[in-house]
Amino acid sequence: MMLDMQSATATPPVTRREDYRPPDWLVPDIALDFQLDPARTLVRARLSVIRNGGHDAPLRLDGEGLQLLEVWRDGEKLDEGDWQLDEESLTVPIDSDEAVVETLVEIAPDKNSQLMGLYASSGILCTQCEAEGFRRITFFPDRPDVLSRYSVRMEADKARFPVLLANGDCVESGPKEEDGEEARHWARWDDPWPKPCYLFALVAGDLSSNRESFVTRSGREVSLAIWVREADLPKTGHAMQALKDSMAWDEEVYGREYDLDQFNIVAVSDFNFGAMENKSLNIFNSRYILADADTATDADFDAIAGVVAHEYFHNWSGNRVTCRDWFQLSLKEGFTVFRDQQFSADQGSEAVARIGDVRVLRAAQFPEDAGPLAHPVRPESYIEISNFYTATVYNKGAELIRMLHAILGADDFRKGSDLYFDRHDGTAATCEDFVTAMEDASGADLTQFRRWYDQSGTPKVSARLDYEAEAARAVLRLAQDVPATPGQLEKEPMAIPLKTALLGTDSGTPIMDERLVMLTEKSQEIMFDGLSEPPVLSLNRGFTAPVTIDSEKDPETLAFLSAHDDDPFARYEAMQQLMVETIIDTVSGRDADHAPVIEAVRKTLADADLDKAFIAETVLLPSESFVGDQMLVVDPDAIHRAREALRADLASSLEAEWRAAYAASSGNAYEYTPSAKALRRLRGVALGYIAVSGADDAAHLAAGQFDGADNMTDRQAALGVLANSDWPERVAALEDFYARYREDTLVLDKWFMVQALSIRDDTPAAVEKLAAHPDFSIENPNRFRSLVGAFGANQRAFHVASGRGYRFLADFILKSDAINPQTAARMLPPLGKWRRFDEDRGALMRAELERILAAPNLSKDVFERASKSLG
């Protein structure tokens, strides 16, 4: 019997955190048998179930899109009248406290366009079960607090699927004869560690492996393998090294050792996320595994290392200790993002890594906190849990862990993480359990800090430093305000840790040791005595708290800090604030003096003591979207004009400096090292400025770099410059890039994306044309994001006054919703910003949201985000 579960009801039910109750039934052991075939896979599941507590509730098993063939209870096959089936579950009555329940279901992986459960990807069968995908494989209590030991047997056509992988260790395998030939084969994998069903994984396909090994600190040898198509094997070396580096780092920094004999990674082409931390069998989007110098940029290499580390670190922060319910998602994701950020910082420039972390936070999470989709790090309710894999849960969640690290100090934080892992190993825990472990290990009182998990919104901190020359002291006056957000109009003061220092106005050096100031009240005063000269305030150094700062600094003070602050992030921050305020002054019709920005950039370029990668990040202008986020009403055209005017002035005024930086970073043979990456980054930034300087040879320079590049970083940097230009060389470069890489799907994504992000006037029309390109596919999430998602992030082109961009995005959200609701829902946030724009644009965006909501058979994923966006 099979029921249609694709359409959503008009008012989908809401799941609330306050309604959590422990599971009625536990499943200590599950045995799965798969007869694998893309068109018709049979799944037999044998569940050993135990009643949890004193109740008489029947066994309820989640299931979606399954064709139920058989149900057995304690060895007896049940008739249809002995169980109940609805659109979401199978219910089996059980009189005893223990039983064995067996089901046989049929599924069709090749028709699974949602990419949740068991699906086919370019000839490979693979799974994705987080958050609630396991119910699309078999009937089971699909919730994270039901932990089971898994035994998995797979059988498949040997020629089509020569490799059979699952969680744990392979304990048996062999051929199966049919008509005297070994047409099929089988393998059995056992995972001794109890895990929730969202961590289940299975892969079958024609794959080759890059194999190495790792010896743990206790002397165990772990077999490592990265499985890809044979042609892609040469591109797996970087990911393998990242895996080994991650394993060694986790042992050294957190004392966590890997706990099985095998660790496998599989790369697939069709994947909704970046990767998945399934116990011992991580499944990755191929973009986060495959890399070589010709096809991957330095940013791609860095992202691969970060994602490999993230998924490996989940082995403890997510797998050995998992989350009790999905409201606790940041327990594993926020903690693990912080861990992968620490790892990435240790692999190269800590300052540049931190700048990257904050740039992502401000681009994605701050707007989320300020919009209709704002929610706490630990949400209170949801309609579709997939909608809460958000920047708030991940990136702001990581900032909460970073604040704890700053408040407690490295030693007590490590004691707290050790206690957390030891206390909750093998269990499903909560955010409260994590904070309590930190308290118990350190003796700190984190009562007020817990508000960070409950209150949404980005706190705004105002700071004023008053200097009393006769007393040689200064008073820092701080105040905080947490803005109202949907469902939370009144907020309590947060515990905000702010690393603070004072620099001497005359000397330009610190005149007070850095200290951690805890802002816990709505307003506070902090006294600094014994100051030898007038001070300049350096606040929130290293970005210790995810807040916005209003310190009312004038351009001269910001320029001073950009040249003298000894904290790299604070130095970067001063430059960015100087640039933002200059652009906003222009947009607002005030006289905007470009001179302070030009001189600050000149000094930064001339500072031989600075890391070249840091220089490159610091002299880049803030994005148009970020500038818009600082304004009450966003005027995308005015922002674009103002930013381009400042960029052109920087380019022409400092042309000699840009050319010197470009020349100094050119002519080196390709290496993937921190110093070589820094030079390539600065070369790309310098080329961008030279391109708008008005120089006669700019087009020739960009085309020459494109043609002569020996690596994708330099080639893509040149292509980005050309794609934004009106030069004839633009068309030739785009055609050459396409011809060169049309067979490489990951690189072709770059070709789509660079055009979708172009600031040219004809970008909306170009994007519409690209959507009809034979190589564009709405079914592949990477390709869909590379065009439609990138276009939605292009503030100028997307917000063209006619509303053309809004219609385009809404059309594709509706088309995608019928195929892959998760991917469709993630495209909605740009339309949700309608309140931030002028009345005409706002009305056009709102109309598209209303059109989406009026569509028949809308998924829960899109319904939830669209309805919240309308408010």
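Which whole-number percent gives the relative contact order of the stretch 428-516, counting Cα pairs below 8 Å spaced six or more residues apart? Rounded, it is 19 percent for the stretch 428-516. A quarter of the convex hull surface defined by the alpha-carbon atoms of the stretch 435-522 gives 7.8 nm² as the mean projection. With contacts taken as Cα pairs under 8 Å and at least 6 residues apart, the chain reaches a relative contact order of 8 percent.
When only alpha carbons are used to place a centre, the stretch 212-285 and the stretch 433-473 end up 37 Å from one another.
Below 8 Å between Cα atoms, with a sequence gap of 6+, how large is the relative contact order for the stretch 99-229 in percent?
24 percent
Among the GluC sites (Glu not before Pro) within the stretch 464-498, those in coil by DSSP and having at most 12 neighbouring Cβ atoms inside 10 Å are 470, 490. For the stretch 529-633, the list of trypsin sites (Lys or Arg not before Pro) that fall in a loop by DSSP and count at most 13 other C-beta atoms within 10 angstrom reads 590. Dividing the C-alpha radius of gyration of the stretch 617-754 by 2.2 N^0.38 Å, with N its residue count, gives 1.11.
For residue 522, the solvent-accessible surface with a 1.4 Å probe is about 130 Å², rounded to the nearest 10. Dipole magnitude for the chain: about 1020 debye, using +1 per Lys or Arg Cβ and -1 per Asp or Glu Cβ, origin at the Cα centre. Quick check on my link table: of 77/279; 244/603; 396/603; 491/868; 833/860, which ones sit more than 31 Å apart, alpha carbon to alpha carbon? Flagged as over cut-off: 77/279; 244/603; 396/603. Applying both filters, DSSP loop and at most 13 other Cβ atoms within 10 Å, to the GluC sites (Glu not before Pro) of the stretch 584-691 gives 671. Taking the Cα atoms of the stretch 304-435, the ratio Rg/Rh between the radius of gyration and the Kirkwood radius comes to 0.95. When only alpha carbons are used to place a centre, the stretch 628-659 and the stretch 150-202 end up 57 Å from one another. The lysines within cross-link reach of residue 176, meaning a Cα-to-Cα straight distance under 20 Å and a gap of 8 or more places when in the same chain, are 158. Pairwise inverse Cα distances across the stretch 244-340, averaged and inverted, put the Kirkwood hydrodynamic radius at 14.0 Å. Between the residues 802, 616, 274, the greatest Cα displacement towards the positive end of the dipole of the chain, with unit charges on the Cβ of Lys, Arg, Asp and Glu, is found for 802.
Compactness ratio for the stretch 694-794: Cα radius of gyration over 2.2 N^0.38 Å (N = residue count) comes to 1.05.
Using only side-chain charges placed at the Cβ, +1 for Lys and Arg and -1 for Asp and Glu, the dipole size of the stretch 499-583 relative to its Cα centre rounds to 280 debye.
Once mean projected area of the Cα convex hull in nm² is calculated for the structure shown, the corresponding label among [x] 37.3; [y] 59.1; [z] 51.9 turns out to be [x].
Taking each residue as 0.36 nm, the span from residue 16 to residue 550 lengthens on full extension beyond its C-alpha to C-alpha distance by 188.6 nm.
The values are calculated or read from the model by the stated rules, or taken from the named source; none is laboratory data. For clarity, every value in this text was computed on a predicted model and none was experimentally measured. No Cβ is skipped: glycine too gets one built from the backbone with ideal geometry, and neighbour counts run over all protein chains shown. Heavy atoms of the whole protein, side chains included, go into the accessibility calculation; ligands, DNA and RNA do not. Shrake-Rupley method; radii C 1.70, N 1.55, O 1.52, S 1.80 Å.
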